1. Does any residue in the stretch 111-122 that is farther than 10 Å from GLN345 by Cβ and at pLDDT below 85 come within less than 7 Å, Cβ to Cβ, of a residue that is of a type in the set (Ser, Thr, Tyr) and not in a helix (DSSP H, G or I) six or more places away or on a different chain, and which pairs are these?
2. Could you list, in sequence order, all residues of the stretch 172-186 that are among the hydroxyl-bearing types (Ser, Thr, Tyr) and surrounded by fewer than 22 Cβ atoms within 10 Å (Cβ to Cβ)?
3. Among the residues of the stretch 126-169, which ones are farther than 23 Å from ALA328 by Cα, open to solvent by 20 Å² or more (accessible area, probe 1.4 Å) and more than 26 Å from the chain's Cα centre (by Cα)?
4. Give the stretch 560-599 a look and list any residue that's part of a helix (DSSP H, G or I) and acidic (Asp, Glu), or say none.
5. Can you report the number of residues in the stretch 572-604 which are farther than 18 Å from LYS684 by Cβ and open to solvent by 20 Å² or more (accessible area, probe 1.4 Å)?
6. Residue by residue through the stretch 181-194, note down the ones that are more than 17 Å from ILE135 (Cβ to Cβ) and in a helix (DSSP H, G or I).
7. For LEU815, only one of the following conditions fails: (1) in contact with a helix residue (DSSP H, G or I) (Cβ under 6 Å, 6 or more places away or on another chain); (2) surrounded by fewer than 20 Cβ atoms within 10 Å (Cβ to Cβ); (3) modelled with pLDDT of 80 or more. What is its number?
Amino acid sequence: MLRCWQRRLRYWLHSGERACLLREEMEFHLEMKTQEFVEAGMMEPDARDAARRQFGNPTLQQEESRRIWIARWVSDLMQDTVFAARTLRKQPGFASVAILSAALGIGACSLIFGIANFALFRPLPVDEASGLASIYGTSRRKAGLTISYPDVEDLRRARSFQAVTAFTQFTPAVISSHGEPRRYWGSIVTANYFDVVRPAFIIGRGFGSAKDDTTGQAPSVVLSHQLWQSRFGADRGIVGRTIELNKRKATVLGVTGPGFSGTELAIVSDFWVPFSMLGDFSDPGATAERLAKRSDHWLSAAARLRDGTTIKDAAAEIAVIGERISAASPESKKDRGLHVERAGQVNPGLRKMIAVFFLLLLGVAILVLLTACANVANLLLARASARQKEIATRLAIGAGRGRLVRQLLTESVMLALLGGIAGYGIARLGAFGIGQFRSPLPLPVDFSVTFDYRVLLFCTALSALTGVVFGLVPALRATRPGLVGALKDERKRLGNSRHFGLRNLLVVAQVTICMVLLICSGLFLRSLHSSRAMDTGMAYRNVLMMSFDPGLNRYPAAEIRRIVEAVVENARSIPGVESASLTSNVPLGMGGTSSVFVPDDKVADPENNRIHADIYSVAPRFFDTLGIPLMGGEDFRRGTPVEEVVVVNQALVASAFPEQNPIGRRVSYGGKMFRIIGLVATAKSRTIGEDPKPCLYFPIASDLAGGHALTGLTLLVRTRGNPSGYAPLVRGRIRDIDPALAVFDVRSMDTHLTNALIVPRAAAFLFGLAGFMGLLISTIGIYGVISFGVARQTREIGIRMALGARRAQVLGMVLKQGLVLTVVGSAIGLGLALVFARLAASLLYGISPTDTLTFIGVPLLLLLTAAAACLVPAKRAASLDPLRALRYE
């Protein structure tokens, strides 16, 4: 077998030389045979003719000889490929339109597969990734939850695991070395983390599992490859040096390899520190309590499976452990359980929402691909119709039908492969665009999607498959024309029956799919417009936001209070600043804190009268700065409150004190009673599409010693002009107060609101792009069918005009043909669009899935576009000269 392929390879490399030698050898045999006949007494011309008759067809003999050197199908494929390339080169317009149509469909599907591959199939860049598992907590309503340290200790006794490691996520720290202070996100991990996960190290090593969990050890840190490059300039001498982490020196032990940022997809860790440094990132006095308290869920976990153990085996064992933990938990935690799955996937808590969005995108991509296939099939049918005489001639002189079908399929597959190359580029551009989306959450979430060889193979396979799919029917129909009629140049309308031909059916299919895509894109565009026009309850124009966190620098409470007050006062003193304030959570951040409270008249039965509310800690003039109207009472005053006070919104009053004046009433929260001193209008709290939510606003001055380590404190500055121009001034004032203070997440409230609209923006962009592609493909298809029909009916149109038909009648006849196809496709598409719209209802903001404007405007747009596509060939038909048309063909 190996020798056979070696012989074929040598033939491919020296095919020209061998062909020349073969011709010379055949000429030598002919000459020898001619000489024999001459010696037998024949005249030389007669001898040469006799030698040729005896030798046979030279071309056939060459073909038979090539079969010895190389498989016939390989030779035929090479000939078909060369012929297809020449044919496409002669028709660049046809090739360009077909390649563009195929590229749009293949690119859309390749992008969706690229996302799925990145999220589901791509293994973590660690050693033996198949043996690494992630472990989460579960409840009746949620998945992907954190677990407690005692839960981790129970998991370590499971027989299914070689070892179990625990770690925190979203741990911020300020790095002051090698540049200005900046906040980064990392993880606090048990010392065996790198032994369990096993990522590659470009330099250095991980933690020592025997000692780095013990308090009192020398502080150490492992850097990610990305942080090592961006912050430390890829300095290979960094190992063994100390860097300043949260105002404390830590020794760099190693740098992980490229691509590794943790065990959970899309969540990025820039550094890892051992459990021995827990006290540097939280209250040292509370650390021991957190490690011992089973009800304190703050850790994620990963485990290395034992040899021969599957995820299913591990799941069965930890289900038993979870039941035992639940039985020993307080009554409020009885529904807790454990879940294990392959590491490197999206958090299960986000998976359902992502799956709905992904399935919608997959459906859209398939529709675009089907539209593209239908369009290219139509183009191939038209082209095959124009080649009837050529195909009939080849059949008449002995070419087999299978050989011609293979030739035509080679052309369609070549078109698809060229479209696949362009489609792969489109998919990469789409992936880049997705990576540019920014979450309003102030967390290290990365939406970047990278492609690997699987996406390239998928794109290639899909290209070949679509080439066969949209080329097979035209090839089969093209190779069975009536030979006599075709040879006489009596043109038959390929793909047409008497009433509704295949080409018309394909156009109807394109219009149907286009209608579905346009309805969906129209709904999402209307949803985006509606979400932008929604009343947020805030006057968010000209508001600058920037965050900082003195707590990361391990300052005492008194110093934090001094810094915070100085930051606000200095910001207010800047010329052009109207007001400034602070908050622990920014509205429309999709995160924040929520809890329960009880109205003062129902504290006797708190279990049955708890009301959920979003919690904010704010400074004086917060409501003025964000433009939230004060409806009654008063705002907070400067300084630390002498009593426990709170401001509430109207949604809370409607739930807790309906038709009552809340000022002076009290609410029970966190074991304390708080007096209501102010009432404000209800503003959007977490998302733009939410129903009114009760909110409790507490004075931040009484909570500055508390932990704001995750989100920090956000300074809000209302300016008279463009807030972006004030950012350097405000940042400079903060630097003057404390040069070691890291400032991050600098943005305007307008930008924050744009980020908060990530779901409607992404949906509008992706579905709008798909709708545009569908409309473009369908317009090309309608134009192609009508234009081809006009070209094929030139003589018929000439006869009609010669018999008295007016130009307006001819124009109307051609327009009617295109508009009938459009109306039929639109009617079918509207029915299907209703189904798709109801499936996407959960992603729409402020509009109904049967939005009247969309369902009226989109069909009108499609009809107008179809009319415009038909108008050019219709005007060409109406302007025909009858005499020239009668001479046509």
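1. Pairs that qualify, where the first residue is farther than 10 Å from GLN345 by Cβ and at pLDDT below 85 and the partner is of a type in the set (Ser, Thr, Tyr) and not in a helix (DSSP H, G or I), are PHE118/THR450.
2. Result: SER176, SER177.
3. ASP127, GLU128, GLN162, ALA163
4. If the condition is that a residue be part of a helix (DSSP H, G or I) and acidic (Asp, Glu), then GLU565, GLU569 are the ones that fit.
5. Residues in the stretch 572-604 being farther than 18 Å from LYS684 by Cβ and open to solvent by 20 Å² or more (accessible area, probe 1.4 Å): 11 in total.
6. PHE194 - this is the single residue of the stretch 181-194 that is more than 17 Å from ILE135 (Cβ to Cβ) and in a helix (DSSP H, G or I).
7. The one condition LEU815 does not meet is (2).
Listed here are the residues, each with its yes/no results for (1) closer than 30 Å to PHE281 by Cβ; (2) touching a Lys or Arg at 6+ places or on another chain (Cβ under 6 Å).
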site: ILE676; (1), (2): no, yes
site: ALA683; (1), (2): no, no
site: ALA701; (1), (2): yes, no
site: LEU769; (1), (2): no, no
site: MET773; (1), (2): no, no
site: LEU776; (1), (2): no, no
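The values are calculated or read from the model by the stated rules, or taken from the named source; none is laboratory data. The structure displayed is predicted, hence computed values, not measured ones. Glycine gets a Cβ as well: all are built from the backbone with ideal geometry, and neighbour counts include every protein chain shown. What goes into the accessible areas is simple: the full protein's heavy atoms, side chains included, and nothing from ligands, DNA or RNA. Shrake-Rupley method; radii C 1.70, N 1.55, O 1.52, S 1.80 Å.
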